[in-house]
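Structure record follows, encoded as structure tokens.
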Number of protein chains: 2
Amino acid sequence: MRHKDEHKQKAIIDATVKLVNETGFAAASVAKIAREAGVSPATLYVYYKNKEDLLVSTYVEIKRKFGVAVTREYDPTLPIRDKLARFWRNAFVAIQEEQALFQFSEQFARTPYADLVPPEVMEEYFGPIFDTLREGIRQKIIKDLPIEILSVFMFQPVMQLANPKICAAFGKEPGDVDLAFTLAWDAIKL
Amino acid sequence: MRHKDEHKQKAIIDATVKLVNETGFAAASVAKIAREAGVSPATLYVYYKNKEDLLVSTYVEIKRKFGVAVTREYDPTLPIRDKLARFWRNAFVAIQEEQALFQFSEQFARTPYADLVPPEVMEEYFGPIFDTLREGIRQKIIKDLPIEILSVFMFQPVMQLANPKICAAFGKEPGDVDLAFTLAWDAIKL
DNA sequence: TTCTAAAATAAATGATCATTCATTAAATGT
DNA sequence: ACATTTAATGAATGATCATTTATTTTAGAA
């Protein structure tokens, strides 16, 4: 029995992300991904059922990573605002540190491929955030609106701000992140 | 001299948008677009230099349309808040009315193709919005932050809220839009 | 050391890709 | 009515596509 090479698996994922980011989904062929990863095109089919499986699996794995990063050091004793501030800061740092992964996920999420990912997967990764918003509503600290709407105002901005293509100037100075969080908080607080 | 058929041009654009939305950029081939539009693949090259030109031109045209729609009925005498509220409502209505076009533009904007579009094109279409934010800063009504950051908090949410894939429940009830605008305004106001 | 099972691959498959070219169809100006 | 110009196209191009198959390599079990 021979085992799958985890370095090879990582090389395939890295190559997929790199090629999709640099040339787009349309031009990211199996042959090019394999060449970039330094393996045979056929090897890809040892690790993934087909190309769609490769792309969807890569996306889900990236989202899982970000889910873990954002909910890191979760402290249930903190006040609502501080909990959200930690999520926000974690998200900002995670996106900054893994810009390539984030760019891939943003591109993928707008694609029809995204419909193939079951919604409960995302709910699982980002559950603590939604729970915190619900708790804030119960405590009459946050406006009583649907969670999806609050999420949009709370977390959509950080995804844009951490993207240097959109906001090149943001995040260089200390205090930038906390200031931006205040804007998001002002939007949803009662 | 024979003229180009504007109905044929529209059919090509509509087919491009439809196919990209339904199957993604990766699967939207020239042959399929031509078949959907009811023309020969070669006809496409009468209207566009190549496939890239077709996609980029379609995107720029869509952005132009939205730019016009958002800045419609611009009244320079209105207070800052009312100006922004009108932009916001215009944007919401435009996206709702042309969901297919919006979906295409969102997908395109995340693609490496987007780098081919000169930034001054977008600045031209959405100039009045940026001007209004700058005026708000000068009048000490809006927080003194870079325009890109204020834009993110003011207009990113409406793009998400108007997307039924993300917020299915939003916008059905009268007052939803004005309420949501209040959240965005609370974020950036002083 | 030998056997074995799965990893890894080179090569080949038929389909589909973007684009071009030679030709035809149609609308305009005279 | 005719000549001219360009829109429109069918067919063909070679390249590249995703995937499969037959074969070789390799790591762990016996």
Exercise. What number of residues within region B:68-111 are without any contact (Cβ under 8 Å) to a residue 40 or more places away in the chain and assigned to a loop (DSSP other than H, G, I, E, B)?
Worked result: 9
Exercise. Does region A:22-42 include one or more residues that are away from DNA strand C (no atom under 14 Å from the Cβ) and under 19 Å from A:A109 (Cα atoms)?
Worked result: yes
Exercise. Just a yes or no: is a residue in region A:137-151 under 27 Å from A:N21 (Cα atoms), crowded, with 18+ Cβ neighbours inside 10 Å, facing another protein chain (nearest Cβ under 10 Å) and of a type outside the set (K, R)?
Worked result: yes
For this session: Assess whether A:I80 counts as being within 14 Å of another protein chain (Cβ to nearest Cβ), over 18 Å from the mean Cα position of the chain (by Cα) and of a type outside the set (F, W, Y).
Result: no
Problem set entry | Subset of region B:161-190 (residues that are at pLDDT below 95, at the interface with chain A (Cβ under 8 Å from one of its Cβ atoms) and crowded, with 22+ Cβ neighbours inside 10 Å) | B:L161, B:F170
Seminar exercise, completed: Per the list (1) within 11 Å of DNA strand C (Cβ to nearest atom); (2) within 30 Å of B:P157 (Cα to Cα); (3) of a type in the set (K, R), residue check on B:R89 breaks on (1)
For this session: Pick out the one residue from B:Y74, B:Y45 that is near DNA strand C (Cβ under 8 Å from one of its atoms) and among the aromatic types (F, W, Y).
Result: B:Y45
Problem set entry | region A:48-63 residues that are of a type in the set (K, R), paired with ones that are at pLDDT 95 or above (beta carbon under 7 Å, 6 or more apart) | A:K51/A:V30; A:K63/A:S105
Exercise. Which one is nearest to the chain's Cα centre (by Cα), of the residues in region A:42-55 that are assigned to a helix (DSSP H, G or I) and surrounded by 14 or more Cβ atoms within 10 Å (Cβ to Cβ)?
Worked result: A:L55
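The values are calculated or read from the model by the stated rules, or taken from the named source; none is laboratory data. This is a predicted model, so every value here is computed, not measured. Glycine gets a Cβ as well: all are built from the backbone with ideal geometry, and neighbour counts include every protein chain shown.
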